[in-house]
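Since the structure comes first, as structure tokens, the remarks are kept for the end.
The values are calculated or read from the model by the stated rules, or taken from the named source; none is laboratory data. Since we're looking at a predicted model, the values are computed, not measured. Neighbour counts run over all protein chains shown; Cβ positions are idealised from the backbone, glycine included. Just so you know, the surface numbers come from the protein's heavy atoms only, side chains and all, with ligands and any DNA or RNA stripped out. Shrake-Rupley method; radii C 1.70, N 1.55, O 1.52, S 1.80 Å.
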Amino acid sequence: WILGMFILIFLWPLNLYTAHLLWRCRNVFPGAISIGDLVYYLTRSPVAMYVTVFFVNVTILLTLASQIETSSANIYWFFSDNPMLDGECYVIFLVGVCAVLFPLTQLRYLHSLTGMNIVNIICMLIFVCISVYYLVMTGRDPGAVTRPEPNSKAIKDSIELDGFDGEGPPILGIDIIITAYYYQLIILEIIAEMEDPAEFPKANYWSTPIVLFVALASAATQYYYQGEEEELKDSTVQQVLTSIFDYDTDGRSVAAHVAVICFSVHMIGCCVLRSVILTRSFHLLINPVVANKNNWRARLEWAGISFVVILVAFVLTIFIRYLGLMALLNGFLALLTSIILPIVCYLICCGKRKIFKKMPKLEWPIIGLILGLAAVTVIVYILKLVERVNKSDVADNFTNSTLSQVETIMDCSNFIY
């Protein structure tokens, strides 16, 4: 209870703070509409800019692939009550989500997605409320075990490579939480399209508590009513949905279907947002002259780039079917690009303006604490990556498991609903 709640709550002000740092930097360089632009203005180095753009875009791309996977898993849940199915024909659902994403990505501008974002938030809140209602009405599982102190065995298994049957689970779940919270990678794009950028801090403070409510309500309710064993076991979207909505032997109700539909709509909306950001980034890199024009050439180029972006995300979704690896890569890159990078950019900005002495004294220990915790986590990430690379049987298991899962999701012979 204590460590889990602390991590969930601590990451909320952490993200607020790093987002605010980017807003401060943007006030100095109002022409920066992306982190790559900001890095160039700060360093005047094209190399630094391209390296930043590469890592930021890879982070967003992996997140997009993960969210396409989640969206597909949500829709697949409607068919998962068929005992004959165990991931068969899953590729059709991945293709279906990508087919929905492509036309929505043609909206091109973030302000065109305002209505969609409002629907996203409403759908997410409906899903959380129905999930909590289901867990409360079902009652606490007789075998549910919770504890105030951390589960030392689970923590040890999350650090060691062989923990949880070699699945290489997330480190305390921190990487999954980081990728659930972070939004710094698209903040400058959002600010650039705001009518009044000065209103960003207010909008930031009002919107992020919703994410905190979703995280706390979902995590605390499921942990209390189902216990830590169920929490450790539920590692995929399918397992989480099944543990909540299939608990009742009477079958799936209308409310359960409404909840999963809302969650699916929310995840597809998140995918659209990231695919638009990625397409715009690559369009500006490839042909910046026409990127902001509204003619047929710009639209055709946008359509081609967005098709490639979604195709690459689809391929990643197909072949990175290893929860530990996906969480490790996403968490590692998100930590670097959304927590460490904004702080470094802010410090460089303050150094160029020679205002270090004007910084609040309390800000220095806060920055030091954040960078220290981030450095420890990054070191653990690197050690786990090196250990996996050097351990041949893990690589063999990963390859065999991936090939087996790819074969299963492409097999539609038993897909009977």
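A 1.4 Å probe, protein heavy atoms only, puts the accessible area of Cys262 near 20 Å². A protection proxy built from the mean count of other Cβ atoms within 10 Å ranks the segments 48-59, 337-348, 64-75, most packed first, as 64-75, 337-348, 48-59. Straight-line cross-link partners of Lys202 among the lysines, defined as a Cα under 29 Å from its Cα and at least 8 positions apart when in the same chain: Lys352, Lys354, Lys357, Lys358, Lys361. Annotation: Cys412 carries an accessible surface of approximately 60 Å², with a 1.4 Å probe and no ligand, DNA or RNA atoms counted. Sparse packing (at most 12 other Cβ atoms within 10 Å of the Cβ) combined with a DSSP loop state is found for the following trypsin sites (Lys or Arg not before Pro) in region 1-99: Arg44. Excluding same-chain neighbours fewer than eight residues apart, the lysines reachable from Lys153 by a Cα-Cα span under 19 Å are Lys233, Lys384.
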